[in-house]
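Take a look at the structure below.
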Amino acid sequence: MMKERILDKASEQLLAGSYAKLNFARIAEDLDITRANVHYHFKNKENLAIEVFTRHKARTLSQYQQLRERFAGDFVGFFQRD
C-alpha cells in the first residue's frame, strides 16, 4: 500500500535527521511517485509526522504489552536483560 511506503520513508527521514529533514519531494523521489501522490495521503508535513509518531507509538505499546504478558507478575524479570 502506498500510504505505508510513504510512512516508511518518512520514518527513515525522521530517524536520520529531525522534523526539519522530513521532505515530501525527497519521499516522492525515493518512491518514484509525484509529490501530489504524497499530498493525496497526507495534507502536510505535520500530519505526516503525526501519523509516523502514531504508528511508532502503536508498535511500541504492542511490544510493551507482549513483554508484560511474557513476564506476568515478574517485575524484576521484566527489567532484566536476557
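The values are calculated or read from the model by the stated rules, or taken from the named source; none is laboratory data. Small disclaimer: the values here were computed from a predicted structure and weren't measured. Don't worry about glycine lacking a Cβ; one is built from the backbone with ideal geometry, like all the others, and counts go over all protein chains shown. Heavy atoms of the whole protein, side chains included, go into the accessibility calculation; ligands, DNA and RNA do not. Shrake-Rupley method; radii C 1.70, N 1.55, O 1.52, S 1.80 Å.
What to note about this one:
- Matching label, volume of the Cα convex hull per residue in Å³ computed from the structure shown, candidates (i) 109; (ii) 79; (iii) 123: (iii)
- The stretch 37-82 pair-distance distribution - Cα-Cα, 5 Å bins, rounded %: 5, 19, 16, 14, 11, 9, 8, 8, 7, 2
- Within the accessible area of the chain (1.4 Å probe), percent carbon and sulfur: 52 percent
- Close Lys pairs in the stretch 1-69 (alpha-carbon distance under 18 Å; sequence gap of 8 or more, or different chains): 9.
- Accessible-area ranking of LYS3, LYS57, LYS43, largest first, probe 1.4 Å: LYS43, LYS57, LYS3
- In range of the label at LYS3: residues from the stretch 23-41 whose backbone nitrogen is under 15 Å from the point 7 Å along Cα→Cβ: 37-41
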